[in-house]
Amino acid sequence: MLPSDRQAHEILVGAVGLKKHFPVKGGVLRRTIAQVRAVDGVDLFVRRGETLALVGESGCGKTTLGRLLLRLIPPTSGEVLFNVPANLYASARDRWHRIAQDDGAMRSPKGPQGDGLDPYAITRLRTRAFKPLRRRMQPVFQDPFTSLDPRMLVKDILAEPILINNQMTRPEAMERVAQLLQEVGLRPDHLYRFPHEFSGGQRQRIAIARALAPEPEFLLLDEPTSALDVSVQAQILNLLKDIQRRQGLTYLLITHNLSVVRHMADRVAVMYLGRIVEEAPTRELFGSPLHPYTKALLSAVPVPDPKRRREKILLPGDVPSPVDPPTGCRFHTRCNAVMPHCGWSPRDAASAAAYLFDSSRNPHASTLPALSEVSMEGNRLRLLFGGSRPTEAQRQVVADLVRGRAAEAGGMAFQAIREVALAEGSIVLEFPPPLEPAWVEVAPGHSVACYLYPQPQA
Amino acid sequence: MLSVQGLQTEFLTPRGVIRAADGVDFDIQEGEVLGLVGESGCGKSVTALSIMYLIPTPPGRIASGAIWFRGINLLAGSENEATVHRGLGGKPKLVRNDSALRRHRARMAKVRGREVSMIFQEPMSSLNPVLPVGYQIAEVLIYQRRKMICDRLLARKAITDEDLELFKEAVTHPDAAQRERLLTDFCLQSALPVEKVAAIIDRSGLQMEERLARIRRLSERSRTRYAWFLRLARELDVLESEWMTREWRVLSGVASSEDDRRRLAAQAQFRSRQVLFKLVMSIPVLHRILMRPIEEEARRRVLEQLKNVRISEPHKVYNEYPHELSGGMQQRVMIAMALACDPALMIADEPTTSLDVTTQAQILTLVRDLRERIHSSILYITHDLAVIAELCDRVAVMYAGKIVEEAPVGDLFAHPLHPYTEGLLESIVSLDKEVPSDAPLPTIAGTVPDLLSPPSGCRFHPRCKYAFARCKTEEPRLLPQGDGRRVACFLYEEGGSRAAERSPGA
Ligand SMILES: Nc1ncnc2c1ncn2[C@@H]1O[C@H](COP(=O)(O)OP(=O)(O)OP(=O)(O)O)[C@@H](O)[C@H]1O
Ligand SMILES: Nc1ncnc2c1ncn2[C@@H]1O[C@H](COP(=O)(O)OP(=O)(O)OP(=O)(O)O)[C@@H](O)[C@H]1O
Ligand code: SF4
Ligand code: SF4
Ligand SMILES: [Mg+2]
Ligand SMILES: [Mg+2]
């Protein structure tokens, strides 16, 4: 048990700078060749007694984030705090970001010593010390088919966590099991059946009962109703709300169903490619979404009415890879409100440059010598022209071409170019250093990371 | 196209017989999307698995019914595979006839496997956990769609001047989006791999002549060699399908004398060619060399499909194991596997439950596209009525093992007939529907009936707010109600309170 536990603090679970990178193995020797940055710097908190919904594209890292918060997997860096006062969480977050900015390096999960967080940080506990906490944070996963042991009777599935965690005798435990079963709306005769004898909805109820068995304070609900039909889904949602009201539970709800989010959640966090991009009270998020990704997401919700097929904002382009996420704002490759300063970098322009400055392809480039190579170096795109050293006149031609392309549709990456210079026998197109948009609180409790909204003064 | 008639599928469990599908009837026309909805546990997946003949035996078996698909009854010839015997003490016991089962499964795989694909409800339990996912899809393609792959390879021809003109345009067109389109067109026409052509286009420091020369060389290198082998493999598959289909027509009892003659001819030709094929394939070196183009083509197609279902970095995912993918990615891998086969009939069992709405929109576009492109029929099982509203032409509503209502999608949403459908539509949680957040959501009162001992009469009567005396004793039949609708409810039969509203028959 944590030393801080005698008091109930406002924030039940808080994450600071949380990262999880999975190695990608490749080659004959299956060596690590890259990292999947599944969760890549997340700050998130859940207040005691509230429901926070986490939404985002498939594969953006929601499940991984949930598992990190419950310490089911260790983080690559960052901390998870449990039952922490709000002001302490805020200062921990600020401190973390100051340090991260100072050295930029990936930090060990352990923060600086003596920062006063030791009583709260579950990521600093040894496995044994963490054990008593485990029962207080329980997961419910999407797939009730695979998450229940098929060889155990329902009564044993439910009694197991009670017997492990509490000093109860068997009869006492069985009494609690019967009570749990009633709580989730099942009949006592269901105790002596195996999981496969139930329908999906009933199985999900059993999974919820099992999660409730050790009397947790925090439930991670990872798509708890997506396998269920609308009527059973409504029953489960009513059940979850009811339990929350009676026992003051705290939920982190991961789901793709935005109608469910709207009905269940107090606050919503929107995730894109390993990052939180917007966070707001539910009503506000649905009423006035700010981030272009959130807007696209809300517009794509299918309407249960065949007569009204709504106009959708489809996300163009390829889904970027979490191995090598886009620079600057991670959404800039697909954003429909994108601006020149959203974080364009040489790789957004390389393919177009191979056409634009090649005299054998583009007639407007005919005064340039033959282009031999386009290479990327940091935030510069270098053009090499065979053996010849480019002249000032040729630099002018390139600059004009850049300006021309920038004015065309789809030429946003070229608008971002700051300078066209002669350097070391080549012409260099210089991009601004790609900065990520800051996390700005636009209205109380409504924060967003996007350049459309006023950035703090540096 | 597909007609399911009186399908009964049952499971023998220690506690009794569960009739999970109990007289299921529906048709799907060519190019039609039929939605199948219903409460959890009502037998939707069992219906789908029965069509695929993938019911686990034991404990399950198809007790009766017919499934007509393109003129053959898929169940013909399967009658004796599993029979129920009363054991000692009167407990029913399932006895399996292994050789009959194996023969029928093989027949199914050969005929049906080449035309029907299914997306399973639980990706994790249908993907092999110890094989990379890309490899698994490629295997399926090679096993079931060898003909399609061979056709594609054989369609490759020497590059023409016309193709080269197209290529030149793809290199020099001033508009980037247009260049992209021209590249795709060129690759389609010349059957050259996109990545390689793109690399030649974007390679700097080449004159046009050099680029053309490289394309010619690329075309030369990827020209189809061993065409005789591809033709042989293709012909084997064609003959085998022909033979099996004719044989099946005989089993289904719809064969003409023509069928019989053609079956024998195809069978004889198949046997003679197979000897040669087996001989060639028994030499490991030849096997490797000859199969390589087929394997490469399959791999190309898999990568293309993975990209279509919005998997970022298909090359990386190709080599990953199922547990390394997120829930939604596993599901998209299943979808890619089904779509890669260009099936004439696709059965999709809850294909988009773990996908976010933007990705789901993309998948629905792919499904529509499949139908437009090759006129496929689709059976789409889902709980998400909004998806049904967007995608389907007709909807069948299932309750406790039976179809209780069937209607064109617009009519069903505008004016549900069956009380269960009514309840279902009421319990939709929708963004447009304002439910005060402290009020409980509307649900259908009561619980799903236990299929071990289903309620008498109309199975919905314990939960139906309109139920009357007749509902408890008699079972309503699925009767036409005009405008292509059918419903099983006494309210609409002679003397029912709603019978007057609609004129039956029509
Ligand atoms: N292998 C099996 N052994 C015993 N009973 C089974 C088996 N498979 C299915 N059943 C029974 O058949 C019934 C129908 O199951 P099915 O999986 O078709 O439901 P479903 O309509 O697809 O539901 P869901 O929407 O939850 O997927 C269930 O009541 C289930 O108990
Ligand atoms: N064990 C693992 N090994 C390697 N990569 C992994 C592993 N688990 C997850 N990933 C990768 O991390 C990324 C995020 O996965 P995660 O399961 O968190 O996504 P998600 O947001 O839950 O998506 P979904 O909505 O589809 O379930 C994915 O790209 C996935 O491939
Ligand atoms: S910062 Fe905002 S406007 Fe710019 S690309 Fe990102 S989401 Fe779009
Ligand atoms: S037949 Fe009777 S019980 Fe069944 S749905 Fe109709 S009214 Fe209700
Ligand atoms: Mg997930
Ligand atoms: Mg199912």
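The values are calculated or read from the model by the stated rules, or taken from the named source; none is laboratory data. Since we're looking at a predicted model, the values are computed, not measured. Please note: Cβ atoms are built from the backbone with ideal geometry, for glycine as well, and neighbour counts cover all protein chains shown.
Quick test for you: out of A:Pro139, A:Pro150, pick the one residue that is within 14 Å of another protein chain (Cβ to nearest Cβ) and in a loop (DSSP other than H, G, I, E, B). Steps first, please.
On the way: A:Pro139 fails: in a loop (DSSP other than H, G, I, E, B).
Checking each option against the conditions leaves just A:Pro150.
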Looking only at region B:286-335, filter to residues that are of a type in the set (Gly, Ala, Ser) and not in a helix (DSSP H, G or I); which one of those is farthest from B:Leu366 (Cα to Cα)? B:Ser326
Against the definition (at pLDDT below 85, within 14 Å of chain B (Cβ to nearest Cβ) and in a loop (DSSP other than H, G, I, E, B)), how does A:Ala227 come out, yes or no? yes
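Filter region A:271-306 down to residues that are touching a residue at least 12 places away in the same chain (Cβ under 8 Å) and part of a helix (DSSP H, G or I), then give me how many there are.
Qualifying residue count for the region: 12.
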Quick count over region A:319-377, residues being among the β-branched types (Val, Ile, Thr) and more than 10 Å from chain B (Cβ to nearest Cβ), is 4
Against the definition (within 16 Å of ligand 5 (Cβ to nearest atom) and surrounded by 19 or more Cβ atoms within 10 Å (Cβ to Cβ)), how does A:Val338 come out, yes or no? no
Picked from region B:178-211 (must be surrounded by 15 or more Cβ atoms within 10 Å (Cβ to Cβ) and assigned to a loop (DSSP other than H, G, I, E, B)), the residue farthest from the other protein chains (Cβ to nearest Cβ) is B:Ala191
Quick check: is even one residue across region A:318-339 closer than 30 Å to A:Lys25 by Cα, of a type outside the set (Ser, Thr, Tyr) and assigned to a helix (DSSP H, G or I)? no
So, in region A:64-89, how many residues would count as being more than 20 Å from the chain's Cα centre (by Cα) and closer than 13 Å to A:Gly116 by Cβ? 4
Please verify whether B:Met52 is surrounded by fewer than 21 Cβ atoms within 10 Å (Cβ to Cβ) and within 16 Å of ligand 6 (Cβ to nearest atom), treating the condition exactly as stated. yes
If I ask for residues that are more than 14 Å from chain A (Cβ to nearest Cβ) and either hydrophobic (A, V, I, L, M, F, W, C) or within 16 Å of ligand 3 (Cβ to nearest atom) (or both), which ones from region B:8-33 would you list? B:Ala21, B:Val24, B:Phe26, B:Ile28
Let me confirm something: among A:Pro306, A:Pro316, which residue is at the interface with chain B (Cβ under 8 Å from one of its Cβ atoms), modelled with pLDDT under 90 and under 24 Å from B:Gln360 (Cβ atoms)? A:Pro306
Need a quick list: strands (runs of 3 or more DSSP E) entirely within region B:1-69 having at least 1 residues that are at pLDDT below 85 and more than 16 Å from ligand 2 (Cβ to nearest atom). B:2-13, B:16-28, B:60-69
Would you confirm, using the coordinates I've provided, whether A:Thr333 is away from ligand 6 (no atom under 16 Å from the Cβ) and closer than 28 Å to A:Phe385 by Cα? no
Between a residue in region B:337-365 that is more than 8 Å from every other protein chain (Cβ to nearest Cβ) and in a helix (DSSP H, G or I) and any residue that is among the charged types (D, E, K, R) and within 13 Å of ligand 2 (Cβ to nearest atom), which pairs come within a Cβ distance under 9 Å, given they are 6 or more apart or on different chains? B:Ile363/B:Arg310; B:Ile363/B:Arg332
